[in-house]
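K.L.:
Pasting in a structure now, in structure tokens, and then I'll have a few things to ask.
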Ligand SMILES: Cc1cc2nc3c(=O)[nH]c(=O)nc-3n(C[C@H](O)[C@H](O)[C@H](O)COP(=O)(O)OP(=O)(O)OC[C@H]3O[C@@H](n4cnc5c(N)ncnc54)[C@H](O)[C@@H]3O)c2cc1C
């Protein structure tokens, strides 16, 4: 019998497992795949606590707190398992892609200025200057968000995985969970390779969480939004700042003259691989604003499925005694993961829901009767 089983080995599951490791001796993380296949490994790595928010909310508050946790986390992962998550002080420029979005950019700027003195409004000339001449924004306005830095999400996820191993947490991979059943004093977790037993169960199944918890969640509570990305190498481009467009396309400067161009968004699409149409949309948007990317070489491309809940409001709730669900962090799962790992560990250890998580319950009327 385990103390805690976590289903899902993405950033959410692994951050929670890491947080619990000092208090529980028997923890297992179960995943149906080998590590490296899903959203957490495929993300851009932007820590967009400014970029992603236009109004005050409980999620905004979590995002700003979590953003600050990355520097110490970089140091602790480096010390514990020797993995550098490549935290870069790149900051971010957000640009409107049409005149209607100019208004939205101005509203977002007004909101952000109430919280961050460092945020600046940019004219097209400012944008060009700040990006060493790389970005041509023409007639659209921009906002500079210096605190929206970034990490390498792939390395971060690998660092967490190594840390689990270092902390003697059981990692049970290539093991699909098919059913969950409440038993006396805990749960029976049925998998394709047999059953496991646990006192407490945490489900962090990303975009597939709804499928796993059909008896607890209304269908379509969590759905998948496929995103595609390209990695381009361009030694002649001198861009050190992330560019994010209001239509969802972005270019993130990475180490070794590499630029990550993301991301498309296809709702309810769980397919794998980069489509020709997605690739050409990403290229055309990026090149329109950064013409020097034209001579770059695409060295990698991939897709991932973001977990989405209605109104972009994730679920973090106890759906039955000692059964927790953590899902739907959509475009901000990397950003939010350190804080969620910490808050969920506090909750499970103390038995009390942290007040920062009150707003993320499934509304009772929406819950399926058992
Ligand atoms: C292209 C792209 C770019 C992104 N960019 C950013 C960004 O810049 N910044 C940011 O903060 N976020 C970004 N995100 C979002 C972020 O990646 C996600 O929010 C986050 O990774 C979700 O983590 P998770 O642990 O909930 O889910 P996942 O990483 O999807 O992990 C869920 C795991 O559950 C497992 N699982 C599911 N069902 C079962 C089952 N039945 N049995 C066993 N295991 C199961 C899956 O195999 C999977 O490994 C991006 C996402 C994509 C796709």
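Throughout, read-outs are computed from the coordinates displayed, never taken from laboratory work. This structure is a prediction, so every number in the text was calculated from the model and none was measured. Please note: Cβ atoms are built from the backbone with ideal geometry, for glycine as well, and neighbour counts cover all protein chains shown.
K.L.:
Can you give me the relative contact order of segment 1-120 as a percent, contacts being Cα pairs under 8 Å and 6 or more apart? Intermediate results must be reported in sequence, preceding the final value.
P.N.:
Numbers: 80 pairs, mean separation 21.9, N = 120.
Relative contact order of segment 1-120: 18 percent.
K.L.:
A further question follows. Can you give me the three principal axis dimensions of the chain from its C-alpha atoms, in Å, biggest first?
P.N.:
Principal axes ranked by extent give 66, 39, 39 Å for the Cα atoms.
K.L.:
Now a separate question. Which FRET efficiency, nearest 0.05, do residue 75 and residue 162 yield, Cβ-Cβ r, R0 22 Å?
P.N.:
Details: r = 15 Å, r/R0 = 0.69.
It comes out at approximately 0.90.
K.L.:
Using Cα-Cα distances under 8 Å and only pairs 6 or more residues apart, what relative contact order does segment 279-366 have, in percent? Write out the running numbers ahead of the final one.
P.N.:
Values: 63 pairs, mean separation 20.0, N = 88.
Reported as a whole number, the value is 23 percent.
K.L.:
If you don't mind, there's one more thing I want to ask. Taking the beta-carbon count within 10 Å as an exposure proxy, list 33, 148, 84 from fewest neighbours to most. Intermediate values should be presented prior to the final figure.
P.N.:
Values: 33 12, 148 25, 84 15.
In order of increasing Cβ crowding within 10 Å: 33, 84, 148.
K.L.:
How would you order 4-14, 130-140 from highest to lowest mean count of nearby Cβ atoms within 10 Å? If you can, show how the numbers build up before the last one.
P.N.:
Numbers: 4-14: 28.5, 130-140: 16.9.
Ranked from most to least packed, the peptides come out as 4-14, 130-140.
K.L.:
Here's a follow-up. Considering only 309, 219, 249, give the residue with the highest GNM mean-square fluctuation for the chain, with springs between Cα atoms whenever their separation is below 10 Å.
P.N.:
Among 309, 219, 249, the largest mean-square fluctuation in the Gaussian network model of the chain belongs to 219.
K.L.:
Taking only Cα atoms, what is the 0 to 90° angle, nearest 10, from helix 11-20's long axis to the longest principal axis of the chain?
P.N.:
50
K.L.:
Let me ask something else about it. Over the chain, what is the relative contact order in percent, taking alpha-carbon pairs closer than 8 angstrom and at least six residues apart?
P.N.:
Values: 815 pairs, mean separation 87.8, N = 370.
The normalised contact order for the chain reaches 24 percent.
K.L.:
Something else now. Return the single residue from 321, 254, 94 with maximal mean-square fluctuation; model: Gaussian network over the chain, springs between Cα atoms under 10 Å.
P.N.:
Of 321, 254, 94, the most mobile in the Gaussian network model is 321.
K.L.:
Using only Cα atoms, find the angle between the long axis of helix 153-166 and the longest principal axis of the chain, and express it within 0 to 90 degrees, rounded to the nearest 10.
P.N.:
It is inclined by approximately 30 degrees.
K.L.:
Still on this structure, please answer the following. Considering only 262, 36, 224, give the residue with the highest GNM mean-square fluctuation for the chain, with springs between Cα atoms whenever their separation is below 10 Å.
P.N.:
In the Gaussian network model the winner is 36.
K.L.:
Would you give the gap between the C-alpha center of segment 4-45 and the C-alpha center of segment 314-368, rounded to a whole Å?
P.N.:
Each part reduced to its Cα centre gives a spacing of 15 Å.
K.L.:
Please give the FRET efficiency for residue 58 paired with residue 182, using the beta carbon to beta carbon distance and R0 = 30 Å, rounded to the nearest 0.05.
P.N.:
On the way: r = 29 Å, r/R0 = 0.98.
So the FRET efficiency works out to roughly 0.55.
K.L.:
Please determine, in degrees from 0 to 90 and to the nearest 10, the orientation of helix 333-350 with respect to the longest principal axis defined by the Cα atoms of the chain, where the helix direction is its Cα long axis.
P.N.:
30
K.L.:
Once each part is reduced to its C-alpha centroid, what is the distance from segment 104-124 to segment 240-267 in angstrom?
P.N.:
So the separation of the two Cα centres works out to 20 Å.
K.L.:
Right, next: By its C-alpha gyration tensor, with a ≥ b ≥ c as the square roots of the eigenvalues, how is segment 228-370 shaped: rounded for a/c under 1.5, else prolate for a/b larger than b/c, else oblate?
P.N.:
Prolate, since a/c reaches 1.5 and a/b exceeds b/c.
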